[in-house]
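Below is one structure; the comments refer to it alone.
The values are calculated or read from the model by the stated rules, or taken from the named source; none is laboratory data. This structure is a prediction, so every number in the text was calculated from the model and none was measured. So basically every Cβ, Gly included, is an ideal-geometry build from the backbone, and we count neighbours across all protein chains shown.
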Amino acid sequence: MPVYRYLHYDVFTGTPFEGNQLAVFPEPAGLSTEEMQTITREMNFSECTFIFPPETPGTHVRMRIFTPGEELPMAGHPTIGSTFALAEEGVIRPGQEAFVFGLGVGPTPVSLEWKGTALDFAWMTQKNPQFGGEIADRAAFAGALGIAPEDLGAPPPRVVSCGVPFLFAALASRAAVDGVVVDQKGYAAACRGSGLDELPLFIFTTDRGGSSGEEAVYSRMLAPPVAGSSAIPRPGASMRL
């Protein structure tokens, strides 16, 4: 049976065992789409990435991104985490200033910052946002999130996509963001009532809420319909197939 080595990363954190988990398969040659989907479902992380030789001029690699339920044309934390993995693997040379992934949405550049020979930070350039429909029934939408209508911000919840569509909802406070518990049936009904697909949800607020930090936005991402800038590596492992 073939052996496929993978790297296990925590992304968007400086602390091991926090952030977003990611498994990066740097040498997946021979795996079919169905096998990559099965592996990702077995890993049970939000995403896994599979790194192939480039297919498009001007790109360095072709990367495929899977959640446990589907393949995505692009995603942020898998791209950033895979950048660190490829630097660790030596695919990205120390001091290299830019790297271009071939994703389902096309070439996607990442700018790199180094401390000596170690990658310190990666900046991903996504496509410009495209705006879609809005939620019409604010009361029903708030109820589906388990919050009061007055906890919603002034802008109506709206579909926004930089490659993968999300429903973005501004909330009035950090407490409201923390208090969201999605009723999936109610959420799906609120989306359908406005002629929208049930999409992953991004909730945010610009309320500082007494925070002494420097953040401008406090947010959460919830993905009830998906059966799924730094990184800390965990020890690599192998998967037999």
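Could you say whether any residue in segment 64-72 is β-branched (Val, Ile, Thr) and surrounded by fewer than 16 Cβ atoms within 10 Å (Cβ to Cβ)? Give the steps one after another, and end with the answer.
Of segment 64-72, the ones β-branched (Val, Ile, Thr) are 65, 67.
So of that shortlist, the ones also surrounded by fewer than 16 Cβ atoms within 10 Å (Cβ to Cβ) come out as none.
Checking segment 64-72: not a single residue is β-branched (Val, Ile, Thr) and surrounded by fewer than 16 Cβ atoms within 10 Å (Cβ to Cβ).
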- Query: Just one of the numbered conditions (1) out of contact with any His (no Cβ under 8 Å at 6 or more places or on another chain); (2) assigned to a strand (DSSP E or B); (3) closer than 23 Å to Met221 by Cβ is not true of Ala23; which one?
  - Reply: (1)
- Task: Check Gly143 against each of (1) in the same structural domain as Glu34 (by TED's automatic domain parsing); (2) more than 21 Å from Tyr9 (Cα to Cα) and name the one condition it does not meet.
- Result: (1)
- Query: Consider Tyr187 against the criteria (1) more than 19 Å from Tyr218 (Cα to Cα); (2) in a strand (DSSP E or B); (3) touching a Leu at 6+ places or on another chain (Cβ under 8 Å): it satisfies all of them except one. Which criterion is unmet?
  - Reply: (2)
- Would you mention how many residues in segment 34-85 are acidic (Asp, Glu) and assigned to a helix (DSSP H, G or I)? 3
- For the subset of segment 137-192 comprising residues that are under 18 Å from Gly209 (Cβ atoms) and touching a Pro at 6+ places or on another chain (Cβ under 6 Å), which member is surrounded by the most Cβ atoms within 10 Å (Cβ to Cβ)? Ala169
- Message: Against the definition (assigned to a strand (DSSP E or B), surrounded by fewer than 16 Cβ atoms within 10 Å (Cβ to Cβ) and of a type in the set (Lys, Arg)), how does Arg5 come out, yes or no?
- Response: yes
- Quick check: anything in segment 202-220 among the basic types (Lys, Arg), assigned to a strand (DSSP E or B) and either crowded, with 17+ Cβ neighbours inside 10 Å or modelled with pLDDT of 90 or more (or both)? yes
- Query: Which condition does Gly95 not pass, out of (1) touching a Ser or Thr at 6+ places or on another chain (Cβ under 8 Å); (2) surrounded by 14 or more Cβ atoms within 10 Å (Cβ to Cβ); (3) at pLDDT 95 or above, if it passes all the others?
  - Reply: (2)
- Note on the structure: Being of a type outside the set (D, E, K, R), closer than 18 Å to Leu103 by Cα and at pLDDT below 95 narrows Gly76, Gly19, Gly81, Gly58 down to just Gly76
